[in-house]
Amino acid sequence: MQFRAVKGTFDVLPDEIGRWQKLEQAFRRMAELYGYQEARTPILEPLELFVRSVGETTEMVEKQMFALQRGDETLALRPEGTAGAARAYVANSVHAREAVSRWYYIGPMFRAEQPQRGRYRQFHQAGCEIYGDAGPGSDAEMIDMLVGFLQGLGIGGVRVLVNSLGAAGTRERYRQALKTHLSPMADRLSDHAKKRLEDNPLRILDSKDPRDQEAIQEAPSVLDLLDDDDRQHWERLCQALDALGTPYEVAPRLVRGLDYYTRTLFELQATGGELGTQNALLGGGRYDGMIKDVGGPQTPAIGFAMGLERVLLAMPEDAPARPPICFIAPIGARAQAEALLLGRELRQLGIVTEVDTRGNSPKSMLRRADSIGAHACLLIGDSELDKAVVQFKDLRAHSQQEVPRGEIAARVAALLGTDGEKR
Ligand code: AMP
């Protein structure tokens with residue numbers, strides 16, 4: 001019996017892993033440069049945490065949770081990273097130790113969606129959160145950091161959409177305004193939007209249904225309803241982005257699928273490429289009320305989550321990122337013991353080394369060296385052992401030399417570089 005990967009999940013095999021690692025390393029480098037530190041929180045969380053934070057009437061909580069019951073605990077595989085990080089922040093009283101915390105995370109998330117290109121059931125997000133800074137400087141810095149990050153990966157033509165939902169009071173006024181605008185045309189809306197009109201009218205702005213799209217064309221703009229404080233935050237954000245020279249578009253209909261956002265909201269989209277409608281590379285915003293909602297003190301916060309699969313689809317293809325490899329081919333049992341010793345020596349110098357311990361013929365070992373793209377191959381047989389030498393093959397220059405055993409590590413290091421310096 002054979003098993004397939006579960007619907008909407010996929011395997012990443014070693015020949016594809018280089019791009020993932022490159023992206024993850026670039027992300028870590030960027031985050032750490034901006035003063036974020038990594039936090040690792042559990043994949044399993046209480047289901048109620050997401051109901052409280054993401055919102056009961058969101059698609060994510062209503063339809064997409066991987067929920068499981070164990071005894072009297074109702075758990076969920078996390079659908080996103082912000083709620084778990086907020087829970088950890090509160091549960092560990094981090095607010096009592098430091099005024100501002102900057103965290104980042106990378107990991108798998110789970111949503112029972114209809115799988116398609118760029119949309120999976122297990123996918124990976126990398127994200128950052130700032131707790132304790134009410135912005136708007138931090139909002140601008142975060143958006144600018146992300147624009148630079150995607151550019152650095154070679155992803156051109158990214159659209160930066162920015163909006164403000166205002167604080168809780170504004171949001172409530174906007175809900176009412178949308179309801180008033182959409183109610184007279186309720187019979188022209190999709191069934192889904194009709195339901196949302198009652199419990200969560202902001203969600204209708206997210207709808208892809210052409211009937212809903214038409215109805216929201218003339219809908220009021222949230223930016224017209226901002227109160228004085230919201231407006232000041234919004235204007236200062238726009239000024240900070242202008243001063244940084246960060247390109248952005250004001251998108252008054254941008255809402256995104258989570259209920260916790262307040263004030264600043266943003267989304268970075270790929271244009272061109274193969275992502276089609278799944279072109280949102282990352283999204284984020286402020287969530288000044290969530291820490292309190294999950295039991296902590298009132299703490300302003302802002303964060304984003306970037307979909308790694310989508311960024312990888314948008315990233316240009318480049319040469320495989322494997323470092324140079326040294327291959328050791330021992331002929332006979334005595335030589336194998338020596339090869340293991342030599343392998344350990346080379347690795348101590350930071351050289352990626354594979355020792356062939358299969359006991360195969362020299363020809364088949366050389367085939368293996370070729371197939372993994374090794375740069376150097378070291379052949380050791382009985383006569384080499386007796387003379388204390390190694391046959392040193394430079395596989396790219398197609399040359400071979402006999403090198404004294406004591407000099408071999410330095411020769412390999414000179415050809416391949418150590419610690420990947422010569423990659
Ligand atoms: P969200 O957590 O919904 O705000 O999404 C943030 C980012 O995560 C999106 O812009 C996507 O890049 C990515 N993302 C969300 N859902 C999925 C999914 N089902 N499959 C792949 N990527 C996703």
Note on ASP230: of the conditions (1) part of a helix (DSSP H, G or I); (2) loosely packed, with under 13 Cβ neighbours inside 10 Å; (3) modelled with pLDDT of 90 or more, unmet is (2)
Conditions (1) over 31 Å from the mean Cα position of the chain (by Cα); (2) surrounded by 14 or more Cβ atoms within 10 Å (Cβ to Cβ); (3) modelled with pLDDT under 90; (4) of a type in the set (D, E, K, R) -> GLU214 fails only (2)
Taking ASP15 as meeting all but one of (1) surrounded by 13 or more Cβ atoms within 10 Å (Cβ to Cβ); (2) at pLDDT below 95, write down the number of the exception.
-> (1)
For the range 252-264, name all the residues that are open to solvent by less than 20 Å² (accessible area, probe 1.4 Å), within 10 Å of the ligand (Cβ to nearest atom) and in contact with a Ser or Thr (Cβ under 9 Å, 6 or more places away or on another chain).
-> LEU258
Taking first residues from the range 242-259 that are closer than 18 Å to ARG286 by Cα and second residues anywhere that are open to solvent by 70 Å² or more (accessible area, probe 1.4 Å) and within 16 Å of the ligand (Cβ to nearest atom), the pairs with Cβ under 8 Å that are 6 or more apart or on different chains are GLU249/ARG159
List every residue pair whose Cβ atoms sit under 8 Å apart, with the two residues 6 or more apart in sequence or on different chains, where the first one lies in the range 277-294 and is under 19 Å from LEU49 (Cβ atoms) and more than 12 Å from the ligand (Cβ to nearest atom) and the second, anywhere, is among the charged types (D, E, K, R) and open to solvent by 10 Å² or more (accessible area, probe 1.4 Å).
-> ASP288/ARG263; ASP293/ARG52; VAL294/ARG52; VAL294/ARG87
Mind counting the residues in the range 383-405 that are within 21 Å of GLY332 (Cα to Cα) and either small (Gly, Ala, Ser) or modelled with pLDDT under 95 (or both)?
-> 2
Considering only the range 186-196, state which residues are part of a helix (DSSP H, G or I) and surrounded by fewer than 18 Cβ atoms within 10 Å (Cβ to Cβ).
-> ALA186, ASP187, ARG188, ASP191, HIS192, LYS194, LYS195
Hits in the range 45-72 (condition: touching a residue at least 60 places away in the same chain (Cβ under 8 Å), open to solvent by 60 Å² or more (accessible area, probe 1.4 Å) and within 16 Å of the ligand (Cβ to nearest atom)) | GLU59
Any idea which residue in the range 306-316 is nearest to the chain's Cα centre (by Cα), counting only those that are open to solvent by 20 Å² or more (accessible area, probe 1.4 Å) and near the ligand (Cβ under 10 Å from one of its atoms)?
-> ARG310
If you go through the range 84-125, how many residues are within 27 Å of LEU312 (Cα to Cα) and touching a strand residue (DSSP E or B) at 6+ places or on another chain (Cβ under 7 Å)?
-> 18
How many residues are open to solvent by 60 Å² or more (accessible area, probe 1.4 Å) and assigned to a helix (DSSP H, G or I) if we restrict to the range 26-38?
-> 4
In the range 259-285, residues that are of a type in the set (A, V, I, L, M, F, W, C) and more than 18 Å from the chain's Cα centre (by Cα) total 1
Answer yes or no: is there a residue in the range 176-199 that is among the β-branched types (Val, Ile, Thr) and either within 24 Å of the chain's Cα centre (by Cα) or within 16 Å of the ligand (Cβ to nearest atom) (or both).
-> no
Filter the range 83-112 for residues that are within 11 Å of the ligand (Cβ to nearest atom) and over 16 Å from LEU308 (Cβ atoms) and give the result.
-> ALA83, ALA112
When restricted to LEU75, LEU23, the only residue outside any helix (DSSP H, G or I), surrounded by 14 or more Cβ atoms within 10 Å (Cβ to Cβ), among the hydrophobic types (A, V, I, L, M, F, W, C) and at pLDDT 95 or above is LEU75
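The values are calculated or read from the model by the stated rules, or taken from the named source; none is laboratory data. Treat the numbers as computed from the prediction; the structure is a model and nothing was measured. Virtual Cβ from ideal backbone geometry, glycine too; neighbours counted across all protein chains shown. We work out accessible area using only protein heavy atoms, side chains counted, and drop any ligands, DNA or RNA first. Shrake-Rupley method; radii C 1.70, N 1.55, O 1.52, S 1.80 Å.
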